[in-house]
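Since the structure comes first, as structure tokens, the remarks are kept for the end.
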Amino acid sequence: MSRSVVLIGGPDSGKTNYVGRAWPALDAKMGRLQAAHQPTDITFVLEVTDHLNSGHFAPRSELADSRRDFEVVVAERKGGPETTIVIPDISGELWLRAVEDSEIAVDWMDELTRADGALLFVRVGSDQDVRPLDWVTSKRMMAKLGTPDDPSLPTQVMLCELLRFLEVSLVDRSDGSRPRVAIVVSAWDAVDAEKFAAGPQAYLEREYPLLAGRLDDVERLNVRVFGLSVVGGDLKTDEECRDAVQEGGLDGRGWVSDQDEKGLWTRDPDLTLPVAWVVGT
């Protein structure tokens, strides 16, 4: 049985590093999903994994005009039913361009209509995050400065439009239930203990209120929010984390923040969790 999970998000949202970290997790066969067979071609995934193993995040793929697919056969347990997961990785710049132009490529739309679900990424503290302007003061200031350029598209507006793409394109699951979309808040290790306890949903409500409001109104999709840390720290600024990765590799590094039945947000070391939920029963 072949299923497709689409990774979608703006520039610097964490998609590529997640793919690079998800493969070792699948190959380790310790999570909810495990690799049943070795993929035939995962060159780009291994390149990303090598970056992480060396103690560095993979560089942004802003110049990549082509998509890079990661296809792997997985199972929930050894010898169990197998599922082929195809994860098309399309750069955030191309998704942003699609939103700005209000036009999505035919092959992307075909991929969305074939998909069983999606992971929508947003990253904590990204320098690519565009905040909406305060037009009461900003318009006057821009007029004084004579700034002719249009402001960039706010990130939360782009995320709402990407969510709309998913609403109109994803088809119902084989059992007739709504398609699943995991909202993945990456770099979740960057938040303090108070924000962690409040959870990524509360983070979205505070930082991206327009997106949070849209999520409350979505009826077409089954949405669930996760926090994500691919290696358990910031490899750019956290020297201790970087040294630990360089010395010990990726084993045991990274986690997913999920809400338990008591409503508490906890760390789950299973990095396959968001994908497992999207394709799961």
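The values are calculated or read from the model by the stated rules, or taken from the named source; none is laboratory data. Fair warning: this is a prediction, and the values are worked out from it, not measured in the lab. As a convention, Cβ positions derive from the backbone with ideal geometry for all residues, glycine included, and neighbour counts pool all protein chains shown. Areas reflect the complete protein model, heavy atoms only, side chains present, ligands, DNA and RNA absent. Shrake-Rupley method; radii C 1.70, N 1.55, O 1.52, S 1.80 Å.
Odds and ends about this structure:
- As a calculated quantity, the FRET efficiency between residue 73 and residue 268 at R0 = 25 Å, using C-beta atoms, amounts to about 0.60.
- Within-14-Å neighbourhood charge of residue 76 [Cβ basis; K, R +1; D, E -1]: +3
- Accessible surface, 1.4 Å probe, highest first, among residues 272, 237, 84, 40: 40, 237, 84, 272
- Accessible area, probe 1.4 Å, largest first, for residues 153, 228, 46: 46, 153, 228
- Normalised contact order of the chain, rounded percent, pairs of Cα under 8 Å and 6 or more residues apart: 23 percent
- Per residue, in Å², the accessible surface of the chain once ligands and nucleic acids are set aside, probe 1.4 Å: 50 Å²
- Near the amide H of residue 4, within less than 5 Å, lie the amide hydrogens of 86, 116, 117, all on another chain or at least 5 residues away, with H placed in the peptide plane.
- Candidate residues 258, 107, 189, 216: accessible-area rank, largest first, probe 1.4 Å: 216, 107, 189, 258
- Label-zone membership for segment 14-36, site residue 127, 7 angstrom Cα→C-beta point, backbone N under 16 Å: 14
- With the convex hull drawn around the C-alpha atoms of segment 155-281, the volume per residue stands at 130 Å³.
- Longest segment of the chain lacking trypsin sites (Lys or Arg not before Pro) that sit in a DSSP loop with at most 12 other Cβ atoms within 10 Å: 79-235
- Helix content alone sets the calculated 222 nm mean residue ellipticity of the chain: runs of n ≥ 4 DSSP H residues at -39500 (n - 2.57) each, divided across all residues, give -11500 deg cm²/dmol.
- Residues whose placed amide H lies under 5 Å from that of residue 31, excluding near-sequence neighbours: none
- Accessible surface of the chain [probe 1.4 Å, protein heavy atoms]: carbon and sulfur percent: 49 percent
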